[in-house]
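This report refers to the structure that appears directly beneath it.
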Amino acid sequence: MIENPRTEEPMRKSQKPPKVADKTEWSTTICELRRRLGLSQTAFGQRLYSSAMAVSRWERGTQEPTAESYIGLGNLAGDPLCWFFWARAGLNNEDLMRVMPTLKARLTADSQNYQIASAGGGHKKSKLPQLVAIPLLEVVAASHGEIGDSSSILHGAPVESMMAAPSDWCPNPTSTICLRVRGGSMSPLITDGSIVAVDTSQRDQVTLDGKIIIAWHKEMGLTVSRLKRYGSAEVLQPENGDYESVVLNGKQKWKILARVLWWIGKAP
């Protein structure tokens, strides 16, 4: 039977199948970190608020992590490998010295150990204080009576910039993020425009009595307040007496998202 010349021709000998992308330095480093920690791709992803599928793509080099994921990877890795991941997230020496000026002299004196570009390259472990890189999200939590951002999912929100803090300020580094505060219901403790660092792994209301928290409501959005328990009643209580407390009950569908660890603000 005569073949139709218009039918699709088989692959010629000179044609080659598409090449699989070579493993990059960052994908290899991520894979080595996960194995060093003894975690499965699922458990590793959970620590970084990502899926096992995303971790698989990172390790195969087909998709690079986001800046927030790189920050989390650095916090998991610790010194000195953290500098490699933080550099890929965009964090550099100047960023750290700007937010922690007291380290400037020591960083300058020990710059050989501090250089991000050479991190993980065999230098001896730095004697500098351990730091945690924290993403500052483009997210605002409002005070009582105002409307905050509507998203109830903090991890994965756009990152505005990055900050650094001592590791003992962040008991759960990969769960720590920063966001801005708008309004005056928490003044004079937390003023309008302050930045709060929050731990999203601390959401158990039983252990948060008396703590400052970030809560979310479908209509009110994100709110910063103090959680107080009076007998069987729980309320969101402002610091400023000019604002009313909010009683948490069946009609008030509030969700606790995080505990506030610390905050910074401009001097008046």
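Quick look at the numbers
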| item | result |
| --- | --- |
| Of all residues in the stretch 170-195 being closer than 20 Å to Ser69 by Cα and more than 10 Å from the chain's Cα centre (by Cα), the one that is surrounded by the most Cβ atoms within 10 Å (Cβ to Cβ) | Leu179 |
| Residue within the stretch 84-99 that is of a type in the set (Lys, Arg) and either at pLDDT 90 or above or within 13 Å of the chain's Cα centre (by Cα) (or both) present | no |
| Residue in the stretch 11-28 that is modelled with pLDDT of 80 or more, part of a helix (DSSP H, G or I) and within 27 Å of Cys170 (Cα to Cα) present | yes |
| Residues satisfying the stated conditions in the stretch 126-153, i.e. among the aliphatic types (A, V, I, L, M) and closer than 17 Å to Ser194 by Cβ | Ile134, Leu136, Leu137, Val139, Val140, Ala141, Ala142 |
| Residue match in the stretch 206-213 (condition: at pLDDT below 90 and more than 16 Å from Trp263 (Cβ to Cβ)) | yes |
| The stretch 176-212 - residue that is assigned to a helix (DSSP H, G or I) and without any contact (Cβ under 8 Å) to a residue 40 or more places away in the chain and, of those, nearest to Gly72 (Cα to Cα) | Thr207 |
| Criterion violated by Lys266 - all others in (1) part of a loop (DSSP other than H, G, I, E, B); (2) at pLDDT 90 or above; (3) under 30 Å from Thr66 (Cβ atoms) satisfied | (2) |
| Enumeration of residues in the stretch 36-54 that are at positive phi and within 15 Å of the chain's Cα centre (by Cα) | Tyr49 |
| Test: residue in the stretch 135-152 that is touching a helix residue (DSSP H, G or I) at 6+ places or on another chain (Cβ under 7 Å), surrounded by 19 or more Cβ atoms within 10 Å (Cβ to Cβ), touching a residue at least 40 places away in the same chain (Cβ under 8 Å) and outside the structural domain of Ala89 (by TED's automatic domain parsing) | yes |
| Within the stretch 55-82, tally of residues that are assigned to a helix (DSSP H, G or I) and within 16 Å of the chain's Cα centre (by Cα) | 12 |
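The values are calculated or read from the model by the stated rules, or taken from the named source; none is laboratory data. Since we're looking at a predicted model, the values are computed, not measured. For neighbour counting, all protein chains shown are included, and Cβ atoms are generated from backbone atoms with ideal geometry for every residue, glycine included.
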